[in-house]
Amino acid sequence: MTDDKIRGVLPYRLILLILMAAVLLYLAAICIVRTHDRLALRKRLDRIDAEIAVAEKENVELKARLDYVSSNDAAEAWARDNGWAREDEVLVVVLAPDSETEGRAQLQQADEGTSTSNRDAWWDLFFGER
């Protein structure tokens, strides 16, 4: 009779063991999925931290630029670049001569230095300038 009791209990224990194994596998799968999600979130957080660091660096540079632009030094540099001068200074603007004007001036100087007679022109041509 004890054998019959043991044989009757064995299928229940087997079913219980299979159910417990299924639950443990389910819990292990949940743990793996959560670990994967946590690693993905960590990577995303690191990427966002890097973006924040870049934005903070840019913010510092922009603040420095704003401080410079609002200073008197920047205003003076801008004024000098645009041809302005202080009240106590004399502004001198040097203009390059036009190529045509320069060429005309050279021709006029050459004409003034040459002789006016035809004979002197031929003399200079054959024997060189005096």
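Rule-based calculations on the coordinates, nothing more; no lab input. Because the structure is a prediction, the values reported are computed rather than measured. Note: ideal-geometry Cβ built from the backbone for every residue, glycine included; neighbour counts use all protein chains shown.
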Discussion item. If I model a spin label as a point 7 Å beyond the Cα along the Cα-Cβ vector, how far apart are those points for GLU87 and TYR12 in nm?
Written reply: 10.9 nm
Worksheet entry | Cβ-Cβ FRET estimate between ARG34 and ASP67, R0 fixed at 30 Å, reported to 0.05 | 0.05
Item to complete: Classify region 30-101 as rounded, prolate or oblate, taking a ≥ b ≥ c as the square roots of the eigenvalues of its Cα gyration tensor: rounded when a/c is under 1.5, otherwise prolate if a/b is larger than b/c and oblate if not.
Response: oblate
